[in-house]
1. Step by step: first the residues of the range 117-138, then only those that are within 13 Å of the chain's Cα centre (by Cα) and not hydrophobic (A, V, I, L, M, F, W, C), then the one that is surrounded by the most Cβ atoms within 10 Å (Cβ to Cβ). Which residue is that?
2. Condition check: under 17 Å from the mean Cα position of the chain (by Cα) and either under 19 Å from Tyr165 (Cβ atoms) or not β-branched (Val, Ile, Thr) (or both). Does Gly53 satisfy that?
3. Among the numbered conditions (1) touching a Cys at 6+ places or on another chain (Cβ under 9 Å); (2) part of a helix (DSSP H, G or I), tell me where Ile102 comes up short.
4. I'd like to check something: does the range 58-67 contain any residue that is closer than 28 Å to Ala170 by Cβ and touching a Phe, Trp or Tyr at 6+ places or on another chain (Cβ under 8 Å)?
5. For the range 86-118, give me the residue count where each residue is farther than 19 Å from Ala169 by Cβ and touching a strand residue (DSSP E or B) at 6+ places or on another chain (Cβ under 6 Å).
6. Do you know which of the residues in the range 52-71 that are farther than 17 Å from Val31 by Cα and either touching a residue at least 12 places away in the same chain (Cβ under 8 Å) or of a type in the set (Ser, Thr, Tyr) (or both) is surrounded by the fewest Cβ atoms within 10 Å (Cβ to Cβ)?
7. Can you say whether Arg37 is under 30 Å from Ser210 (Cβ atoms), surrounded by fewer than 21 Cβ atoms within 10 Å (Cβ to Cβ) and either of a type outside the set (A, V, I, L, M, F, W, C) or more than 19 Å from the chain's Cα centre (by Cα) (or both), as far as the supplied structure shows?
8. Can you find a residue that is more than 26 Å from Leu80 (Cα to Cα) and of a type in the set (S, T, N, Q) anywhere in the range 187-196?
Amino acid sequence: MLLDVDGTLVDSNDAHAQAFEAAFAHAELEVAASRIRSLIGMGGEQLIEQLTGLPSSHRKHRAIAKQHGEIFRTQWLPRLRPLLDARRLLLRLASEQYRYAIATSSEAEQLAPLLAIADLQDLCDVQVTSSDVSRAKPEPDVIEAGLRRLGLERSQVVMIGDTPYDIAAARAARVDTIGVTTGGFCAEQLAGAVAVFDGPAGLLAGWDRSPLA
């Protein structure tokens, strides 16, 4: 099992969108909030480049990325809450003897506080972030790195994610995805997932009719 974090275990997607909007404004760039929100779930570098046309090597791109991180950390992290039953989901996976890893487009420095918010630090020994790969989601690098760390064949693994970019990354790595709607994307937007549930609580409630059963 590979698990996303933002929008899958922690209710943080809107916070990331707000932080990016403020970062763009600080750089004197006006970007519609709806456009930003629709791209949450892909890596920050890809999001900034897609919305501004600035490559990751550009000074202004780097400044926006840094500003987003600072705003998210100082203004939004203290307000975040875990999604219902996030910890119970990981405990259920462990009790069913699933091997699992975190596979997120967040940077390494953001992951630890997110896991702390959800009270998951003791349950997430295997972690892959965008800091570990050259390309974040929707590219498959994070998924491929997670597979290597679990030491499993891709046919043995399923991803749990909340955005179309999780599904695109997993599909490129030839891994199935279980979608959750807690990231703000509806079931239609998660087309390609083998099943869709209403977050960790919905997946637990529907466990017996899920691919995990």
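Rule-based calculations on the coordinates, nothing more; no lab input. These figures come from a predicted structure and were not determined experimentally. Ideal geometry is used to build each Cβ from the backbone, glycine not excepted, and the neighbour counts take in all protein chains shown.
1. Step one: list which residues in the range 117-138 are within 13 Å of the chain's Cα centre (by Cα), which gives 127-130, 136-138.
Then drop every residue that is not not hydrophobic (A, V, I, L, M, F, W, C), which leaves 127, 129-130, 137-138.
On the way: Gln127: 19, Thr129: 22, Ser130: 24, Lys137: 28, Pro138: 22.
Step by step, filter the range 117-138, then rank; the result is Lys137.
2. On the way: under 17 Å from the mean Cα position of the chain (by Cα): no; either under 19 Å from Tyr165 (Cβ atoms) or not β-branched (Val, Ile, Thr) (or both): yes.
In short, no.
3. (2)
4. At the first step, the residues of the range 58-67 found to be closer than 28 Å to Ala170 by Cβ are 61, 64-65.
After this cut, where a residue has to be touching a Phe, Trp or Tyr at 6+ places or on another chain (Cβ under 8 Å) as well, the list is 64.
Yes, there is a match, as at least one residue in the range 58-67 is closer than 28 Å to Ala170 by Cβ and touching a Phe, Trp or Tyr at 6+ places or on another chain (Cβ under 8 Å).
5. The first filter runs over the range 86-118 and keeps only residues farther than 19 Å from Ala169 by Cβ, leaving 86-99, 109, 112-113, 115-118.
Subsequent filtering for residues that are touching a strand residue (DSSP E or B) at 6+ places or on another chain (Cβ under 6 Å) retains 117-118.
The number of residues fulfilling the criteria is 2.
6. Looking at residues that are farther than 17 Å from Val31 by Cα and either touching a residue at least 12 places away in the same chain (Cβ under 8 Å) or of a type in the set (Ser, Thr, Tyr) (or both), I get Ser57.
7. Working: under 30 Å from Ser210 (Cβ atoms): yes; surrounded by fewer than 21 Cβ atoms within 10 Å (Cβ to Cβ): yes; either of a type outside the set (A, V, I, L, M, F, W, C) or more than 19 Å from the chain's Cα centre (by Cα) (or both): yes.
Yes; evaluated as a whole, the condition is true for this residue.
8. Step one: of the range 187-196, the residues more than 26 Å from Leu80 (Cα to Cα) are 188, 191-195.
With the extra rule that they be of a type in the set (S, T, N, Q), the set shrinks to none.
Scanning the range 187-196 turns up no residue that is more than 26 Å from Leu80 (Cα to Cα) and of a type in the set (S, T, N, Q).
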